[in-house]
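Okay, structure first, notes after.
The values are calculated or read from the model by the stated rules, or taken from the named source; none is laboratory data. Here the structure is a predicted model, which means the values were calculated and not measured. Don't worry about glycine lacking a Cβ; one is built from the backbone with ideal geometry, like all the others, and counts go over all protein chains shown. Just the protein is used for accessible areas: all its heavy atoms, side chains included, with ligands, DNA and RNA removed. Shrake-Rupley method; radii C 1.70, N 1.55, O 1.52, S 1.80 Å.
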Amino acid sequence: MYSTSVPSGERDPAASTRSPVNEKYGSVERELIVRRAISLTPSAPRFARVGDEFEAGAVVTVSGTNPSKAEIFLTIEVLEWASLEIIRSERIVIPGEDGTEEVGFQFPWLYRFKAKKMGQAKFKITAKIGGQGASDALVINFPVEGLQEAVTVATSFAIDGNSSSQWQEGLQLPQAVPGSGAIAIQAGVGRLPAVLSMANQLYESNPDHKCPIDATFALALMAIPFVTETYKVLDLDPSSLDRNTLEVISGIQSNFTSAVESLDKMTWDEIGLDYVLNCKYRRFPKQPSLTMNALGVFLLRVLKHELDTLEKEVVRKGVPSLKELNVDWIFALEAALLSEAKSSRRYYRIIPPQSVALARAALGGDWVPPERTSKQIVEDLSMDRLSEEFNSMDVESQTYYILTRMSMDGGENHPDIQKAINSWTSNLRVTGMTAYIARSEGSSTPASNIANSLALMVMLKAKVENQLLGKLANFVSSPPVSQYGYRVFSNFDKAVAMVALRNYDLDRGSNQPDLKLEVKSGETNLLDVQFSGNANPVASASTPWEALASPPEPLEFRADGIGEVTLAAALTFVPADILPFSSYRGIFVQRSISIADSENGNKMSLKTIPVTSVVEVSVQFTTPDRLGPTTVRVLMPAGLEPLDPNIVGSGNTCPVPRFFFTCPDQVRKSSFFEPFSVVLIGSNRI
């Protein structure tokens, strides 16, 4: 193809013409054959794998020159060859003999390479005919992949710096393909980022405090300044904080003031705290709510120390109002509790222990009903009844009861406390970086978010020594979604979670950390960081695999100072050696590559494959289990390209029956054998 340009003011004969009535078009097209004196055509695989030996280079085409008289200079310039090792260069072979009248010829100019590490292979070949000045050049670029896909191995744990801890992690660092991955270390001190994240979620759920306002929303906002004061966030240098953190901290006072005003409007004489505030009209509740009043009183009870001691301007004006509201809530809670207990007895029932446990957690273990209360109602609301029915209660109610028992005079030594801790510990389920308490013995479903938060508070108060407490705190920080893809993390759940995380940091000294952390592998330093205060509570680093010794030495962690550091180490790499035998991990996979004899169907043994050969890759899957939708990925050896199944092969659109939703008509089998075809586009040793 060629193109021409028309000087300004002249009509291009190939341009289209247009008129209002008719539209006419014209075009001119002409083909020219251009013969370059010398040209290069790339000859290289689309990709290679580590360990492959292969030939790559170019096919040299010379036009208009007698082979016997040609003087050709060929050079190679390696641009990115860290992935390759040049083994040797092939000898140039010039076709033709002296005196022939050929006007052109071709010959290969190939190098033999060996792929040494993962990365990009890139080199430039230049050809030039001596005396003529004619030349050509090309750049060949292709990736070098690993023998298999990258794998990730991770571990997490916590180190207490108060005792100059040194931890040698038992994770053995394996041999990896050079250039295939890295070790990522992430460390954090304290749970302040999680606390501020929950506060931000609360703010964003109703940023303008528009009606209707939920009572639990107002309670959670009210708790934020008392929790964050432990971390002295209002004293942090604003220039050291990111924008999101600064916005959360700057909104603490205004949101607290608004929350106290809303709680005041939601509180009625003799009724106490209502569920919701409607601004357009105020409905008068018919009776006091046991649940809402209990939640309000309980939250103020766990924050009592801060209510009595915090003198900052951010809460000073609101504290007296909260104490007055608390009196109204306690009065309404007592009335609601007695009313429900008496009503239950009238219908030959007993008030549920869940209601009693929540109410007693708010009122306290030493609370007693009024003097004229019947003996039967007193027994129904007693701590002894909760002790007797402990095993029948859910985890949340158990935690309310144990917290109440621990607050009583001499209650720290009550046998129910150790009984509860043993029960919850036996139901701890570890999931990577987190651990949660299951809802019942033998269950994998977590107990409610608030139950795990309250259990953490109990274990901290009881001075439980368990390495999984840090993982339980991680779960409280960010509960995962359920098996159905959603998560219920209510406003009050967040409030209690913030208090539990605050208590955890106070116990570990992480509310005001001063800690130095070092992470090493032998003499290689992976992370060296100093945590001081709460301005920068998280640090991370990534080290390429090549920087480690060969073989790499185990990871060592050392923490000195005040606070507890939580660490996560992730190793991403491609193993240097593939297992020489098949391994079973629920699905047994076997693969073979062979050249099929199209005439009689015989399979020939495979050592090397000639170019353009059609080979058959067979993959067999065996499993005794009933599998759901399963993805099977088969990595292609370098030098092979899949053929269109409509041209070569069986044409099966569903090679693995019952593994995909697209194959409902296939019959389920315990073993599968379905081949597919590929074609070799370059010489390759398999």
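Considering only residues in region 153-189 that are part of a loop (DSSP other than H, G, I, E, B) and of a type in the set (A, V, I, L, M), the one that is modelled with the lowest pLDDT turns out to be Leu171.
Restricting attention to region 417-427, does a residue exist that is open to solvent by 70 Å² or more (accessible area, probe 1.4 Å), over 22 Å from the mean Cα position of the chain (by Cα) and within 21 Å of Gly365 (Cα to Cα)? Yes, region 417-427 contains a residue that is open to solvent by 70 Å² or more (accessible area, probe 1.4 Å), over 22 Å from the mean Cα position of the chain (by Cα) and within 21 Å of Gly365 (Cα to Cα).
From the list Val319, Val327, pick out the single residue that is open to solvent by less than 60 Å² (accessible area, probe 1.4 Å) and out of contact with any His (no Cβ under 7 Å at 6 or more places or on another chain).
One residue alone meets the criteria, Val319.
Of the strands (runs of 3 or more DSSP E) lying entirely inside region 477-564, those carrying at least 1 residues that are free of Cβ contacts under 8 Å to residues at least 12 places away in the same chain are 524-532. Annotation for region 335-345: no member residue is at positive phi and surrounded by fewer than 16 Cβ atoms within 10 Å (Cβ to Cβ). Pairs meeting the criteria (first residue in region 347-367 and on the phi > 0 side of the Ramachandran plot, second residue of a type in the set (Gly, Ala, Ser) and surrounded by fewer than 24 Cβ atoms within 10 Å (Cβ to Cβ), beta carbons under 7 Å, at least 6 apart or on different chains) are Gly364/Ser407.
Of all the criteria given as (1) over 30 Å from Leu381 (Cα atoms); (2) open to solvent by 10 Å² or more (accessible area, probe 1.4 Å), the one not satisfied by Ser490 is (1).
Condition check ((1) in contact (Cβ under 8 Å) with a residue 24 or more places away in the chain; (2) open to solvent by 70 Å² or more (accessible area, probe 1.4 Å)) across all residues:
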residue: Ala194; (1), (2): yes, no
residue: Ala215; (1), (2): yes, no
residue: Val227; (1), (2): yes, no
residue: Asp235; (1), (2): no, yes
residue: Ser239; (1), (2): no, yes
residue: Asp242; (1), (2): no, yes
residue: Thr245; (1), (2): yes, no
residue: Gln253; (1), (2): yes, yes
residue: Ser258; (1), (2): yes, no
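If you go through region 190-225 and keep only what is under 18 Å from Leu456 (Cβ atoms) and either more than 29 Å from the chain's Cα centre (by Cα) or outside any helix (DSSP H, G or I) (or both), you end up with Gly190, Arg191, Ala223.
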